[in-house]
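Here's the structure we're looking at; comments come further down.
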Amino acid sequence: MVNVNPKPSPNAQHGRLLLPVLLTVQFLVSLDMSVVNIALPDMGDDLGFAPDSLLWVVNAYALAFGGLLMLGGRLADLVGRRRTLTWGFALFGAASLAGGCALAPGQLIAARAVQGAGAAALAPVALALITVHYAAGPARSRALGLWGVSGALGGAVGIMAGGLLTDWVGWRSVMLVNVPVVLAALIAARRGVTADRRTGPAPRLDVTGALLVTAGATLLVLGLARTQTHGWTTATTLGTLAASVALLAAFVAVEARKREPLLRLGLLGTAHRPVRSANVFALLMSSGQFAAFYFTSLHLQQVMAYGPTAAGAAFLPFCAGVVAGSAVATRTVGRFGERTLLVAGGLLGAAGFGWFALTAEPGSTFLGSVLGPSIVASVGIGLCFVPLGSAATGGVAPEETGMASGLLNSSRQLGGSLGLAVLVTVAASATGQGRGRAALADGHAAAFAVSAGLLVAAALATAVLHGRRTAPAAAPPAPARTPESTGGEETPKNLGDDVETGVSRSMQE
């Protein structure tokens, strides 16, 4: 097995480079979930996509990402975090380059699938490295705060950047823009993440579990994604979802008997109530949040007649609110605990989406129906990132942090796919046969209302499942730090100040 304590590094840049690398991971994987959306019509016209196949540019990424997350998280524990990180970056960058040079629909779809596989290796290892390298307390809270901000900014910036790049440069730029970022991140990762050190016997991967969970999760995302074209009651949808349930049930049965499982089921037991609560919260919050992003973009363009660039710019208040909420959570999680912040953030996010539902109508204005709801919802969501990451990995053995991180990211990804599939159906039902702005606004309002209900459910589930608060009221005095106690090297003394400065600077910008 790879030792979770990496070799000490004399490189003074290690502490300064580690966090930027991990934030780049979170930003990139979120960015590429949304950056292609506005470029889809241009992609279709240029490459000759059939109308019913264009959506696979989005679905191919989501399928590979969601299906391989558990495997990616466990690989980080078994073969090493830096090795998994560099492999993930290399795969992601190569796929981005191939997608930008694609000459046929199949080439672009394949590139997007490989991108998703790279993202599935990157996302879990980023959270695992934060958990391992930053001791519980203010430093970890600040790192988790910026980790959450990076993900939210990636999703919002993806919408804005997709419009700007498509309008000014062309659709290929939304793929190629990743390449220089990945190259810089790869160089920084080689310097900023300590090398993995193997001790003991060679690691063994739970191949049966990996095949079952990958196939089951992929079929689940596939079945949900195709409800927009096949409907919920068709044999295709029901058969796909039934096969997914059967495979995931078989995965649970296999894992219960494995000595070295891909997912130790005890992580979701009563001994790890915060982990279980965090994953339920992530599933429900992502169901509402991802779908609300989708319908906000549609409402701005279809009802309020915004162009792609203006619609992207309208997301900037949401970005600012997420930064502000994360900054508040960073400073207060030690005082109030994870459960309190998750409940408060979920209810505040629900209030913002409810506000969207009440004001989503023709003739609405940015100041009257977008700005206020965006700030309220985003501050609430921002409050959740620090306690969510902390709860999902808190109390987990170092050699299982990749497992726990993969589980959390799987919950978020599957929640987003489920929420979008359900809310598209809700919006279509509310819209009926109407095609005018008023009918579309009714559909969007219904979707926002359900999003608000999902965040209320997330808050209530946390209040019941999480148990007593787990965050310490104050960090205890730290003993003398050694390489063994700090994951292989001494944490820079000014790390917390640097992270806090980054939050403050982001808020000012």
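The values are calculated or read from the model by the stated rules, or taken from the named source; none is laboratory data. It should be emphasised that the depicted structure is a prediction, and the values quoted were computed from it without experimental measurement. As a convention, Cβ positions derive from the backbone with ideal geometry for all residues, glycine included, and neighbour counts pool all protein chains shown.
Entry remark, the range 166-185: residues being assigned to a helix (DSSP H, G or I) and surrounded by 22 or more Cβ atoms within 10 Å (Cβ to Cβ) number 6 in total.
Taken over the range 257-285, the criterion of being of a type in the set (Lys, Arg) and either closer than 20 Å to Val422 by Cβ or surrounded by 19 or more Cβ atoms within 10 Å (Cβ to Cβ) (or both) is satisfied by Arg264, Arg276.
Here the condition is being out of contact with any helix residue (DSSP H, G or I) (no Cβ under 8 Å at 6 or more places or on another chain) and either surrounded by fewer than 24 Cβ atoms within 10 Å (Cβ to Cβ) or of a type in the set (A, V, I, L, M) (or both); of Ala320, Ala305, it holds for Ala305 alone.
Residues that are part of a loop (DSSP other than H, G, I, E, B) and of a type in the set (Gly, Ala, Ser) within the range 386-415 comprise Gly394, Gly395, Ala397, listed in sequence order. Considering Val254, Val221, the condition of being modelled with pLDDT of 90 or more, buried (at least 16 other Cβ atoms within 10 Å of the Cβ) and either in contact with a Phe, Trp or Tyr (Cβ under 9 Å, 6 or more places away or on another chain) or not in a loop (DSSP other than H, G, I, E, B) (or both) is satisfied by Val254 alone. Criterion applied to Gly239, Gly288 was being at pLDDT 90 or above and either in contact with a Lys or Arg (Cβ under 6 Å, 6 or more places away or on another chain) or buried (at least 23 other Cβ atoms within 10 Å of the Cβ) (or both), and the one residue passing it is Gly288.
In a residue-by-residue description of the range 301-309, the property of being within 16 Å of Ala377 (Cα to Cα), in the same structural domain as Val379 (by TED's automatic domain parsing) and in a helix (DSSP H, G or I) applies to no position. Filtering the range 148-165 to residues that are surrounded by fewer than 24 Cβ atoms within 10 Å (Cβ to Cβ) and over 27 Å from Ala392 (Cα atoms) leaves Met160, Ala161, Leu164, Leu165. Counting only residues that are within 25 Å of the chain's Cα centre (by Cα) and without any contact (Cβ under 8 Å) to a residue 40 or more places away in the chain, which one in the range 397-455 is surrounded by the most Cβ atoms within 10 Å (Cβ to Cβ)? Ranking the candidates gives Val426 first. Output the number of residues of the range 52-85 satisfying the condition of being touching a helix residue (DSSP H, G or I) at 6+ places or on another chain (Cβ under 6 Å), farther than 19 Å from Leu248 by Cα and basic (Lys, Arg). Qualifying residue count for the region: 1. Looking only at residues of the range 364-392 that are at pLDDT below 90 and among the β-branched types (Val, Ile, Thr), we find that the one that is surrounded by the most Cβ atoms within 10 Å (Cβ to Cβ) is Val386. If you go through the range 334-385 and keep only what is hydroxyl-bearing (Ser, Thr, Tyr) and either outside any helix (DSSP H, G or I) or out of contact with any helix residue (DSSP H, G or I) (no Cβ under 7 Å at 6 or more places or on another chain) (or both), you end up with Thr340, Ser364, Thr365.
Give the residue that is nearest to Ala404 (Cα to Cα), with candidates limited to residues of the range 72-102 that are modelled with pLDDT under 90 and surrounded by fewer than 24 Cβ atoms within 10 Å (Cβ to Cβ). If we take residues in the range 72-102 being modelled with pLDDT under 90 and surrounded by fewer than 24 Cβ atoms within 10 Å (Cβ to Cβ), then Leu78 is nearest to Ala404 (Cα to Cα). Annotation note: of Pro362, Pro373, the sole residue that is over 20 Å from Arg142 (Cα atoms), of a type outside the set (Asp, Glu) and in contact (Cβ under 8 Å) with a residue 40 or more places away in the chain is Pro362. Is it fair to say Arg273 is among the basic types (Lys, Arg), out of contact with any Cys (no Cβ under 9 Å at 6 or more places or on another chain) and not assigned by TED's automatic domain parsing to the domain that holds Gly416? For Arg273, the condition - among the basic types (Lys, Arg), out of contact with any Cys (no Cβ under 9 Å at 6 or more places or on another chain) and not assigned by TED's automatic domain parsing to the domain that holds Gly416 - is not met. Here Thr194, Thr229, Thr233 are screened, and the one residue that is among the polar types (S, T, N, Q), surrounded by fewer than 20 Cβ atoms within 10 Å (Cβ to Cβ) and not in a helix (DSSP H, G or I) is Thr233.
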